[in-house]
Amino acid sequence: MVVGLWHWIERNSAGLSLLVPFLAIGGGLLGNWLGARIQANGGLAQASAAREAARITAEASRLAALRDERRLAIAEFVRGARALFRLSWELYHDDREEEARQAHGALSYAYAEVQLCAPGSIVLLAGGLLEAAEDAWFLARSRGPAARSTRLLLVPAADGGTPGLLAYDTVRAARIAAADDHSDRDAIQVQAMRELRRCGLLDERQVMAVYMDIPHGHLVAAQQDRGDAYAAALHDFVDAARESLGANREGGVEWIPESGETRPAQI
């Protein structure tokens, strides 16, 4: 078969010689087309990779910006909660109601910032902390005037005496009678008001603040309840916020995912 093919080529060598240039041209065109096709496919792959890299970079930048915004919002919210709670505690000693009111406004604004940039679980705990700080403030607003006035009863006079001591003791007795639902509680409260006015240390507004506070019982227990609730809410919020920000990781750096990557397990 090979010999027959060779004889055929010898007989038609003249015609085949005319086809060689056309075959060469066709082969060149085919080679150029294939090369262009390969180059085009390579360019498309390169462009796709560039777009994916740009997407990953943009997403990483977005996550980093969101993390920074969240960190600042959380820090300001914690600062505001501590400020309101501290001022609330001071209301039992000094009239700082205006400062506390401004602190509450700042805390409400900080809470709104957290609502806009933090996950739902963090926002929920932030609401609990806001409520606990407000409860402490509300208690101080309602009972602070009586506490401040009662403290004046124990201030020594210039001669070393304590003119308000009898009124103070009578108020204590009235509180105990009210807490125990004593049958003579009303009479004891009237006696307390009489002694509050007699000591001459309080004006009528202060006298009424102490008198109206008597049925509410001892203040220390209520303060302790508010303080415990605030401390627990603050602890839960800060702990969850640290986890959200990645602060519990070594180095304190938030993890930013690559394309298709899943969050690694905590160690």
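The values are calculated or read from the model by the stated rules, or taken from the named source; none is laboratory data. A quick note: this is a predicted structure, and the numbers were derived from the prediction, not measured. Cβ atoms come from the backbone with ideal geometry, glycine included; neighbour counts cover every protein chain shown.
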### Task
Return the residue satisfying two criteria in turn: it lies in segment 140-150 and is among the small types (Gly, Ala, Ser) and crowded, with 17+ Cβ neighbours inside 10 Å, and of such residues it is nearest to Gly200 (Cα to Cα).
Ser149
### Summary
All conditions in (1) assigned to a helix (DSSP H, G or I); (2) touching a Leu at 6+ places or on another chain (Cβ under 9 Å) are true of Leu124 except (2)
### Task
Specify which of the listed residues (Arg86, Arg67) is in a helix (DSSP H, G or I) and at pLDDT 95 or above.
Arg86
